[in-house]
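Quick note: the coordinates plus some simple rules give every number you see, no bench work behind them. The structure displayed is predicted, hence computed values, not measured ones. Every residue, glycine as well, gets a Cβ built from its backbone with ideal geometry; the counts of neighbours run over all protein chains shown.
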Amino acid sequence: ERFQKRVDGQNESPKILNRTRFSWMKVAASVILVAGLGIAVYFLTNKNSEPIEMVAQTGQNVLVDTLPDGSVITLNKRSTITYPSKFKGDTRAIALKGEAFFNVAPDKKKPFIISVNDVQVTVVGTSFNIKSENGNTEVVVESGIVRVTRSGKTVELSAGEKINTHANDSNVTKEAVTDKLYNYYRSKVFVC
């Protein structure tokens with residue numbers, strides 16, 4: 001027992017109780033410290049963890065977003081992109097619904113791949129616009145080279161060229177860009 005009767009009938013002083021309580025506090029603090037360090041080391045060194053899926057979505061405003069690789073995307077109204085918080089593997093893959101302008105950071109070892117409707121757009125470093133509406137997809141290239149693949153057919157576009165695909169037509173053909181209307185949501189310039 002912690003308290004014993006003394007010969008004079010009084011209880012022993014509480015010093016023994018305080019020393020015991022202090023010992024338990026040291027043990028508890030040590031356990032918490034070791035557990036906290038273990039958790040921190042696990043999260044800092046665990047590079048195999050899956051990246052978090054990020055979603056950028058616009059309502060009535062245009063949104064400019066920078067991706068983990070440094071690529072800059074201007075997302076038009078009522079549009080959505082989905083991308084990982086960290087690009088892993090041999091590609092930089094994202095998904096698009098709506099319209100966006102891409103200024104892709106160059107990386108020849110990791111091509112940038114955009115999936116939109118049934119079209120796949122592959123680039124290394126370039127700037128271009130993609131618009132998806134009612135199953136139709138338009139890709140307009142401002143700089144660099146873009147490869148567009150649909151139904152096993154691939155077309156390479158250079159600056160000043162575009163491609164239109166339609167939901168019910170499997171043709172993939174390129175044509176020259178004749179206007180800058182695709183750029184209005186970014187530049188706010190409307191040329192008639």
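Equivalent ellipsoid of segment 68-155: semi-axes from √(5λ) of the C-alpha gyration tensor, largest first, are 18, 15, 13 Å.
With a threshold of 24 Å on the Cα-Cα distance, the over-threshold entries among 131/180; 86/109; 86/188 are 86/188. The modelled label-to-label distance for the pair residue 178/residue 164, using points 7 Å beyond Cα in the direction of Cβ, is 1.0 nm.
With both labels modelled 7 Å from their Cα along Cα-to-Cβ, the residue 52 to residue 149 distance reads 3.1 nm.
Of the peptides 116-124, 33-41, the ranking by mean beta-carbon count within 10 Å, highest at the top, reads 116-124, 33-41.
The charge dipole of segment 68-192, taken about the Cα centre with unit charges on the Cβ atoms of Lys, Arg (+1) and Asp, Glu (-1), comes to about 400 debye, rounded to the nearest 20.
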